[in-house]
1. Listing 52, 82, 8, 131 from the residue with the fewest other Cβ atoms within 10 Å to the one with the most, what is the order?
2. Measure off 7 Å from each Cα along the Cα-to-Cβ vector at residue 243 and residue 39, then give the distance between these two points in nanometres to one decimal.
3. Arrange the following residues from fewest to most other Cβ atoms within 10 Å of their Cβ: 74, 241, 121.
4. Exposure proxy check: 40, 201, 152, 29 ranked by fewest other beta carbons within 10 Å?
5. Top mean-square fluctuation among 135, 206, 226, Gaussian network model of the chain, C-alpha springs under 10 Å?
6. Could you work out which residue, out of 45, 20, 173, moves most in a Gaussian network model of the chain, that is, has the largest mean-square fluctuation with Cα springs under 10 Å?
7. Take peptides 138-150, 159-171 and line them up by average Cβ neighbours within 10 Å, highest first, as a rough protection proxy.
8. Which one of 177, 222, 27 has the biggest mean-square fluctuation once the chain is modelled by GNM with Cα springs under 10 Å?
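Each reported figure results from applying straightforward, stated rules to the coordinates on display, with no laboratory input. All of these numbers come straight from a predicted model, not from anything done at the bench. When we count neighbours, we look across all protein chains shown, and the Cβ atoms used for this are built from the backbone with ideal geometry, even at glycine.
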């Protein structure tokens, strides 16, 4: 609710400062998952916030979105395929910037409605995956990383996102075939990337030997546990939304 209120009620600078708070918390948790000490983790979080504010001020955001999208579409799936282990913690330290900063910039760059509509892809996909996975889930998607996820659940999430995309297409672009295909393709890609983001954060926690990224929200884990899918989805969403608007 705080996020939604901030998106729609705050000016762009206010949204940027809210994002700075979120990534400060996420940066601290990421540093702890990389086995940095408390003081080092605070410094790491401060550097991430400074980097974000510098990029926000110069407003050269597109390269950050492209780099993050390439990471989540190409590099992260390959990394998950070959395995993520404790020996790779040093490589994860600089990666925190690519995970957190472009996603925060995307929240500022996108119009509030567009940001909400993009995030809804992950929320709907997660909901569909949960219910379909509980009812029909048999084949494990990534048993060594997240034993609860199944291929059937992923398919359920994809179908839910596809239905959502069809509704958006009809509302904003009509039911014409090529336009709906564009919305469906974007939804499928965003859903796949959101799953990768979820799995990647689970792999980072696994190499750190912890169940949750932090204790910020008692019973619900830390900040990273709440934004794992969004960090992957938002930079790609910032690239796809303008393209979808041009098809409408």
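1. Going from least to most buried by this count: 82, 8, 131, 52.
2. Result: 4.7 nm between the two label points.
3. Details: 74 10, 241 19, 121 26.
With the sparsest Cβ surroundings first, the list reads 74, 241, 121.
4. Values: 40 14, 201 24, 152 18, 29 28.
By the 10 Å Cβ count, ascending: 40, 152, 201, 29.
5. 135
6. 173
7. Numbers: 138-150: 15.6, 159-171: 18.5.
In decreasing order of mean packing, 138-150, 159-171 become 159-171, 138-150.
8. 177
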